[in-house]
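> Once you've had a glance at the structure underneath, I'll fire off some questions.
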Amino acid sequence: MLRSLAHHAHRFVRELYRSLVAYGQLWMYLPKAEPRPQPLERVRPDLPLTPTERALEQQLLDLDTLS
């Protein structure tokens, strides 16, 4: 008798949990974020690169040649 009661209680709690998850998914709809068409930061073409930026650019170009 106790085993049967425990079994039914376990099934009830499991179904209650699954129902609450489904209810939460229904009310917590989060649409996928659309990718931005352009990067947030852009280098201005009318300004020359600083020495630090030139060094970083060279490091990135070196990485491209390694692969």
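> Check residue 41 against each of (1) within 20 Å of the chain's Cα centre (by Cα); (2) closer than 30 Å to residue 57 by Cα; (3) modelled with pLDDT under 75 and name the one condition it does not meet.
(1)
> Look at residue 29 and say whether it is surrounded by 10 or more Cβ atoms within 10 Å (Cβ to Cβ) and either among the small types (Gly, Ala, Ser) or at pLDDT below 90 (or both).
No; evaluated as a whole, the condition is false for this residue.
> For segment 11-26, which residues satisfy the criterion of being within 26 Å of the chain's Cα centre (by Cα), among the hydrophobic types (A, V, I, L, M, F, W, C) and modelled with pLDDT of 90 or more?
20
The values are calculated or read from the model by the stated rules, or taken from the named source; none is laboratory data. The structure displayed is predicted, hence computed values, not measured ones. Methodologically, a virtual Cβ is constructed for each residue, glycine included, from the backbone with ideal geometry; neighbour enumeration extends over all protein chains shown.
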